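What follows is one structure encoded as structure tokens, with my remarks underneath.
Bear in mind these aren't lab numbers, they're just calculated from the coordinates by the rules spelled out. Everything quoted here is computed from the prediction, not taken from an experiment. As a convention, Cβ positions derive from the backbone with ideal geometry for all residues, glycine included, and neighbour counts pool all protein chains shown.
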Amino acid sequence: MFINNCIDIINKYGSSLMLGVRTTLIVALTGTAFGLVLGLLVGGFRAVQLDYTASPAAVFVKKLFNLIANIYITIFRGTPMMVQAVFIYYALLNVIHWDTLTAAIVVISVNTGAYMAEIIRSGIQAVDPGQTEAARSLGMSNAQTMLGVVLPQAIKNAFPAIGNELIVNIKDSSVLMIISITELMFQAKSIAGSTFHFTETYFLEAVIYLILTSIASLILNFIEKRMNQSEKRTLKLPMSDTDPKSIGYSKVAEKE
């Protein structure tokens, strides 16, 4: 009976479930991408350290930005996404008259951005300070050092946590049904209400979520392995005059 009910639901409401899957993926992927960009901006600026040459105006702006960023991160990490969705959607509904899909993407973006900011900041702090010192000794500015040297390494260090946010967003997008967006949870609830087969419907929903997160995990693991392989293939030449394998040592030996 259970299997037959599941098959009947798939046959009758398969298109509705696929519509929910499509909406879920759009919200999760877009929200994670925008959240990453927001996290890079907030986390990057928070991690910037001003030196003694910074002007009083720059110091004031940095402190003001840190204050605003701390308030933003505290609020969006300390409150449920469902509450954020309801508040933001209805607070701005009469102002910009937006649809539920746009609202869902905005909510998941700003929520993810708060987590991404801390992930990126931790990734930046994990970069060897010698990298920054070497870049500055070459005459690079703070911005050039951050964008060209530190951030690429920080993103690589934080990639597992960034990927985990995508998986979390695929699952947590289910709470956005509170604003009536037609994602997977909303569709499953509608189907269960029509058929009264609650167990079978939510079982199928759970299987779909498991498939989506498993595929995402496989793709992220593949990308991470490729990144690690490319790093291993990168040629690093020691430059010490006392290292027999280095170019510097060879030049010294030739002179002798």
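Odds and ends about this structure:
- For the range 2-111, the Cβ-based charge dipole about the Cα centre amounts to some 200 debye (Lys, Arg positive; Asp, Glu negative; other atoms uncharged).
- More than 28 Å apart - percent of Cα-Cα pairs taken over the chain: 51 percent
- Separation in nanometres of the label points that stand 7 Å from Cα toward Cβ, at LYS62 and THR102: 3.8 nm
- Principal-axis tilt of helix 2-47 within the chain, Cα atoms, nearest 10 degrees: 30 degrees
- Over the range 20-140, equivalent-ellipsoid semi-axes from the Cα gyration tensor in Å: 34, 17, 11
- Annotated for the chain: lysine pairs at least 8 residues apart or interchain, Cα distance under 29 Å, count 19.
- Assigned charges on the beta-carbon of Lys, Arg, Asp, Glu; the range 2-255 dipole about Cα centre (debye): 520 debye
- Placing unit charges on the Cβ atoms of the charged side chains and taking the dipole of the chain about its Cα centre, the candidate lying farthest along the positive direction among ALA134, SER174, GLN84 is ALA134.
- Most mobile of ALA154, ALA58, ALA206 in a GNM of the chain (Cα contacts under 10 Å): ALA58
- Summed side-chain charge close to MET81 - residues other than MET81 whose Cβ falls under 15 Å, Lys, Arg +1, Asp, Glu -1: -1
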